[in-house]
Amino acid sequence: MGQKITAIKGTHDLFETELRNWRWIESEFCKLCLARGYSEIRTPYIEPTELFVRSLGESATVVGKEMYTFQDKKGLSISLRPEGTAPVVRAYIEAGLPQQTAFARFFYLGPMFRYEQPQKGRQRQFHQMGVEVFGLSTPAADCDVIALADALWRTLGMLDTTVLLLNSVGCDLCRPHYLQILVTHLQKYRSILCKECNERITTNPLRVFDCKTSQCRAQFPDFPKIIDHACADCSTHFSQLCHGLDSLHIAYELDPLLVRGLDYYKRSAFEWRAKGLGSQDALAGGGRYDKLVSELGGPEVPGIGFALGCERLLIAMEAAGLKAPVQTRLIDFLPLDSESQWLALRLQNELLRMTAHIITVNLSGASLKTQLKNASKSGVRYALIIGQAERDAGEVICKDMSTGEQKKIPFTDIAHYIQNVCHE
Ligand code: HAM
């Protein structure tokens, strides 16, 4: 026997019991997006490395430490996408859409890849569902995007277990001035801050707030906050956003330390945390990126979006006891010989053309007793038994698995009978 091959660390296989909830969140997300005028976009899993270096920032942890990067046979540096925003922006520019439409709304779902230390809720291949909106710079557009996530939590029954955190990370006008103030302040803390934060003082001081070290975090309350140094336009945008959320009855908490880990954000930054989920409680995150389209070679078009981590959402849903509605199997045909198996397959196909119910055929060739036992175990409503006697008589024995009651039904009446009992 050959040696077993196991999945790569930080990746997971998904089977039906887990996939039921996956399909549920994906379909609810798609329904909500389509109903709000978003259109789907699918971009490649591989992109030029430069796309992420230029958009997320060279000093972002995702780029510096977590990307799966390799050279292809022609020496081009390629990376597995660590997130979805930069690829969507690239595709939007490449398709010439900024020149064709005043604004555009996209949604996407799919795997992302980050070389992180795996733990519960943190994987190397994980899945995001996200939206990106182009061409709208008003606080109402921010509200609209946040309201979509809010609607998803509501649909899934998660509204009470998620908290929305909100901040403004300033713009090109006010952020440089704030950064000067922050750096001057951070210099005084050099001996207390960790090695990485000391490096961040020169490479990207805002990233200090991403530090997870408790000693560094303990100093944060003393540090100057970006929101206190926002320019008039950023302040107005932020207060109007808060006002909009209030009017939509969307609850939020102001978090002046929220800076997000990616460099492209300007103004609004937000994150949803799941209550009681432990260290990996960031369920979703997003914000405004008004310069990203032009920085990636497109015209000046504002952008905003968010992405949620599917694995984390599913963990949070499980913790809250939320499960996708299960569709029970309506019929299991139990053929007792090979001739009856062919007949059962024919009847199954005929019925499936008329109904969306789950109808299966047991092709194991096992005894009636074993087949009935399996049907009962899998929660089937009706077992339709066919042996030689039934074939000869042109009928099946229909056993109601909950009452044990049996009835003989002619082949030609099965569909009619099933339709009737389903409407009872
Ligand atoms: P992000 O905060 O890096 O933002 O990721 C969004 C979500 O992906 C996180 O809140 C988390 O739920 C999930 N996530 C991230 N890393 C992992 C991991 N290693 N394992 C499991 N889940 C993970 C972005 O990616 C931005 N592109 C969001 C955005 C869209 N901003 C604007 N538009």
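The values are calculated or read from the model by the stated rules, or taken from the named source; none is laboratory data. Small disclaimer: the values here were computed from a predicted structure and weren't measured. Ideal geometry is used to build each Cβ from the backbone, glycine not excepted, and the neighbour counts take in all protein chains shown.
The table for this structure:
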{"read-out": "Boolean, residue 107 is in contact with a helix residue (DSSP H, G or I) (Cβ under 8 Å, 6 or more places away or on another chain), assigned to a strand (DSSP E or B), in contact (Cβ under 8 Å) with a residue 40 or more places away in the chain and farther than 26 Å from residue 204 by Cα", "value": "yes"}
{"read-out": "Members of region 294-303 that are farther than 18 Å from residue 82 by Cα and either under 12 Å from the mean Cα position of the chain (by Cα) or not acidic (Asp, Glu) (or both)", "value": "294, 297, 298, 299, 301, 302, 303"}
{"read-out": "Options 83, 50, 66; residue that is under 19 Å from the mean Cα position of the chain (by Cα) and not hydrophobic (A, V, I, L, M, F, W, C)", "value": "83"}
{"read-out": "Options 287, 276: the member that is at pLDDT 90 or above and either of a type outside the set (A, V, I, L, M) or surrounded by 15 or more Cβ atoms within 10 Å (Cβ to Cβ) (or both)", "value": "287"}
{"read-out": "Qualifying residue in region 182-204 (condition: hydroxyl-bearing (Ser, Thr, Tyr), within 22 Å of residue 282 (Cβ to Cβ) and without any contact (Cβ under 8 Å) to a residue 24 or more places away in the chain)", "value": "no"}
{"read-out": "Hits in region 291-309 - residues which are surrounded by 20 or more Cβ atoms within 10 Å (Cβ to Cβ) and assigned to a loop (DSSP other than H, G, I, E, B)", "value": "298, 301, 302"}
{"read-out": "Failed item in (1) over 18 Å from residue 310 (Cα atoms); (2) within 12 Å of the ligand (Cβ to nearest atom); (3) of a type in the set (Lys, Arg), with residue 114 passing the rest", "value": "(1)"}
{"read-out": "Residues (out of contact with any Pro (no Cβ under 8 Å at 6 or more places or on another chain), more than 30 Å from residue 274 (Cα to Cα) and surrounded by 14 or more Cβ atoms within 10 Å (Cβ to Cβ)) located in region 310-341", "value": "329, 330, 331, 332, 333, 334, 335, 336, 340"}
{"read-out": "Sole residue being in contact (Cβ under 8 Å) with a residue 60 or more places away in the chain and basic (Lys, Arg), chosen from 81, 114, 42", "value": "42"}
{"read-out": "Residue 85 vs. criteria of a type in the set (S, T, N, Q), more than 10 Å from the ligand (Cβ to nearest atom), out of contact with any Leu (no Cβ under 7 Å at 6 or more places or on another chain) and modelled with pLDDT of 95 or more", "value": "no"}
{"read-out": "Unique residue being crowded, with 19+ Cβ neighbours inside 10 Å and part of a helix (DSSP H, G or I) when the list is 179, 136, 206, 164", "value": "206"}
{"read-out": "Out of 387, 379, 365, 394, sole residue that is in contact with a Leu (Cβ under 7 Å, 6 or more places away or on another chain) and either surrounded by fewer than 17 Cβ atoms within 10 Å (Cβ to Cβ) or of a type in the set (Phe, Trp, Tyr) (or both)", "value": "387"}
{"read-out": "Condition broken by residue 79, with the remaining ones in (1) surrounded by 15 or more Cβ atoms within 10 Å (Cβ to Cβ); (2) not in a strand (DSSP E or B) satisfied", "value": "(2)"}
{"read-out": "Residues that are touching a strand residue (DSSP E or B) at 6+ places or on another chain (Cβ under 8 Å) and over 23 Å from residue 145 (Cβ atoms), drawn from region 96-113", "value": "113"}
{"read-out": "Only one of 332, 233, 246 that is in a strand (DSSP E or B), away from the ligand (no atom under 16 Å from the Cβ) and modelled with pLDDT of 95 or more", "value": "332"}
{"read-out": "Any hit, region 276-292, residues being closer than 17 Å to residue 137 by Cβ, more than 13 Å from the ligand (Cβ to nearest atom) and of a type in the set (Asp, Glu)", "value": "no"}
{"read-out": "Among (1) closer than 22 Å to residue 7 by Cβ; (2) more than 8 Å from the ligand (Cβ to nearest atom); (3) at pLDDT 95 or above, the one test that residue 128 misses", "value": "(2)"}
{"read-out": "Per-region count, region 1-33, residues loosely packed, with under 13 Cβ neighbours inside 10 Å, outside any loop (DSSP other than H, G, I, E, B) and in contact (Cβ under 8 Å) with a residue 24 or more places away in the chain", "value": "1"}
{"read-out": "Any hit, region 97-104, residues being away from the ligand (no atom under 14 Å from the Cβ) and touching a residue at least 40 places away in the same chain (Cβ under 8 Å)", "value": "yes"}
{"read-out": "Within region 391-419, tally of residues that are among the basic types (Lys, Arg) and within 14 Å of residue 381 (Cβ to Cβ)", "value": "2"}
{"read-out": "Those residues of region 35-69 which are over 26 Å from residue 290 (Cβ atoms) and in a helix (DSSP H, G or I), in sequence order", "value": "35, 65"}
{"read-out": "Residue ID - surrounded by the fewest Cβ atoms within 10 Å (Cβ to Cβ), chosen from residues in region 261-273 that are near the ligand (Cβ under 9 Å from one of its atoms) and not in a strand (DSSP E or B)", "value": "261"}
